[in-house]
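What follows is calculated from the coordinates using simple rules that are stated; it is not laboratory data. All values reported here derive from a predicted model rather than from experimental measurement. Counting neighbours? That spans all protein chains shown, and the Cβs are built from the backbone with ideal geometry, glycine included.
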Amino acid sequence: MNNFIKTIITFFCCIIFVCSCAKEKKASSAENSYIEAMNKLKDKDYTSAAESFEKINDEFPLSKWGIKAQTMATYGFYKEDKYSDVIRVVDAFVHNNPSNPNVAYMQYLKSMSYYNQINEIDRAQDNASAASSSFRELIARFPMSEYSDDAKSKLAIVDEHIAGAKMSVGRYQLQNDNYIGAIKNFQDVIDRYSRTNQAAEAYFRIYEAYKKIGLNKEAEDYLQELNTNYPKNKWSDK
């Protein structure tokens, strides 16, 4: 009986030893792959480095090397302007590691990816809207992060751009007698982008639109708001 027990103990010890060795070998393999990918990054072979980092995460998911690799893959893709890949990796990373210390950094790169793709004001503003939302999320979740101040300055630029695009569309609609559409765009500027330089003109243009369709009381209400909110503005003088 004693020999049987000794055999069982020896058997389990062997299993533990083998598993331990396999775990160490796996960790060593992940580390080596990470070092190789870092060398590619240092050589500025950003796309290849990013792909190698992603492969590490595929092979060693949720390991410390896999998590670190996702962060570096994001950086590699960002350096090559592969913004759709940045956004994809960030979304997966945040979903799987919501409390990771690198989430603020990842969110910042995602925001900048949208920011760098913003179109001229006469084109669709989907990326501008996405950048605005992403920067706002970053500021709200990580107000004390090192990226917060830059996010705020970028957000001001983005909102000014969106407001300018809405004003451009609204002016075109106003000139073509689409008064309802024009008023909607100008009102959006007032409601959502009141801190931009476009807001005063938005009040003035709504005043114009209401005057043209004969709603004089509504027009005077907006004129009063313009004079109250922007007493020393060129649109108040006009």
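Figures for the structure shown
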item	result
Out-of-range pairs (alpha-carbon distance over 18 Å; input 44/82; 110/152; 166/232; 44/79; 166/238; 40/79)	166/232; 166/238
Relative contact order computed over the chain (Cα-Cα under 8 Å; 6+ residues apart), in percent	9
Simple label model, 7 Å out from Cα along Cβ direction - residue 195 to residue 238, nm	2.5
Cα centroid of the range 162-230 to Cα centroid of the range 94-139, whole Å	29
For the chain, the fraction of alpha-carbon pairs in successive 10 Å shells from zero, as %	7, 22, 20, 16, 13, 10, 6, 3, 2, 1, 0
Karplus-derived HN-Hα couplings along the range 183-200 (A = 6.51, B = -1.76, C = 1.60, θ = phi - 60°), whole Hz, x at Gly and Pro	4, 4, 5, 5, 5, 4, 4, 5, 6, 10, 10, 5, 8, 8, 6, 8, 5, 4
Cβ-derived FRET efficiency at R0 22 Å, residue 178 paired with residue 123, nearest 0.05	0.70
The range 62-167: translational diffusion in µm²/s, Stokes-Einstein, Kirkwood Rh over Cα pairs, 20 °C, 1.002 mPa s	152
Length-normalised contact order for the range 72-184 - Cα pairs under 8 Å, 6+ apart - percent	19
